[in-house]
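Worksheet for the structure shown next.
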Amino acid sequence: MIESGTLFIVATPIGNLEDITHRALRTLAEVDLVAAEDTRHSQKLLQHYSISTRLISLHDHNEAQRSKQLIEKLSQGETIALISDAGTPLISDPGYGFVSQCRLAGIKVVPLPGPCAAITALCAAGLATDKFKFAGFLPVKAVAKQQAIQNLLSETMTTVFYESPRRVVDTLELMRNELGADREVVLAKELTKTFETFYSGTTQACLDWLKEDANHQRGEFVLMVAGEKPSQTNISAEALGLLKLLMKELPLKKAAALTAEQYGLKKNQLYQVGLEL
């Protein structure tokens, strides 16, 4: 039995319909109303699982007005599930304003974990995941997009973007020009679907792969950019030797801290070097 007056944030499949939890299905069936980014799209999911809960739209163009209507229903004790077209709501999808207003109004908001394209792609990409940055979609305007990519020049964390099929070639060309032809990137597309594909390599290699076959440019992309390799120019051979020695006996974090203390270096830099070693 679900608690009245509650808003549920429900993650839905990003491709394979089997990637939905039992809890999500039960919640979608039991709530009074499902607020969906595109009701026609989400109706297919509900019909697939024989769920007859009424749908109402909530998207970028009506969120401000619709939020007031839905908050009134929640205040009267109704239960609502918020879903997006695919994946976890609010992650590069509508809903931030609605959820923010619900919390300000004292309405209970309950998240149901589930699929997210960024995390799904990242865990199989083979890039560093101890720290990463999710940046959503790159700006549409050329100057802003160029600046966003230039910001990656000194970024040491893995950065994750979403990209559309019609812009992915332009984006890779810009990354090659701004970050260099050798920066490591991973492309993931059609995640959890029949033609799921991962392609990893340099910016130039990924660009060549995209251009060699028009089919390679089809589908929604997750584009992951490796962090800039930490410079070892200010780390002496003795310090590197100690770090390697300590890494054999100690966790990397501890080895980096001890080496940094011994040679007056930054432990975060040594930690990044250790990851590369």
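The values are calculated or read from the model by the stated rules, or taken from the named source; none is laboratory data. Because the structure is predicted, anything quoted here is derived from the model rather than measured. Glycine also receives a Cβ, built like all others from the backbone with ideal geometry; neighbour counts cover every protein chain displayed.
Look at (1) closer than 16 Å to Ile9 by Cβ; (2) more than 15 Å from the chain's Cα centre (by Cα); (3) not in a helix (DSSP H, G or I) and you find that Gly106 fails only one, number (1). Within segment 92-101, the set of residues being in a helix (DSSP H, G or I), out of contact with any helix residue (DSSP H, G or I) (no Cβ under 6 Å at 6 or more places or on another chain) and crowded, with 16+ Cβ neighbours inside 10 Å comprises Val99 only. Taking segment 254-267 as the range and being surrounded by 13 or more Cβ atoms within 10 Å (Cβ to Cβ) and either at pLDDT below 90 or touching a helix residue (DSSP H, G or I) at 6+ places or on another chain (Cβ under 7 Å) (or both) as the test, the residues that pass are Ala255, Ala256, Ala257, Leu258, Thr259, Ala260, Gln262, Tyr263, Leu265, Lys266, Lys267. Quick one: is Pro89 out of contact with any His (no Cβ under 8 Å at 6 or more places or on another chain) and not basic (Lys, Arg)? Considered against the rule, which asks whether it is out of contact with any His (no Cβ under 8 Å at 6 or more places or on another chain) and not basic (Lys, Arg), Pro89 comes out as yes.
Is one or more of the residues making up segment 182-205 surrounded by 15 or more Cβ atoms within 10 Å (Cβ to Cβ), in contact (Cβ under 8 Å) with a residue 40 or more places away in the chain, under 18 Å from Ala118 (Cα atoms) and polar (S, T, N, Q)? Within segment 182-205 (the criterion being surrounded by 15 or more Cβ atoms within 10 Å (Cβ to Cβ), in contact (Cβ under 8 Å) with a residue 40 or more places away in the chain, under 18 Å from Ala118 (Cα atoms) and polar (S, T, N, Q)), the answer is yes, since at least one residue qualifies. Among residues of segment 37-51 that are assigned by TED's automatic domain parsing to the domain that holds Leu82, those with a Cβ under 6 angstrom from a residue that is buried (at least 20 other Cβ atoms within 10 Å of the Cβ) and in a helix (DSSP H, G or I), sequence gap 6+ or separate chain, pair up as Ile51/Leu28.
With the structure loaded, tell me whether Ser236 is of a type in the set (Ser, Thr, Tyr), within 30 Å of Lys266 (Cβ to Cβ) and modelled with pLDDT under 95 or whether it fails that test. Yes, satisfied. For segment 110-141, the set of residues classified as surrounded by fewer than 19 Cβ atoms within 10 Å (Cβ to Cβ) and among the aliphatic types (A, V, I, L, M) consists of Val110, Ile119, Ala124, Ala128, Ala135, Val140, listed by residue number. Condition test on Ile107, is it at pLDDT 95 or above and crowded, with 18+ Cβ neighbours inside 10 Å? The answer is no for Ile107.
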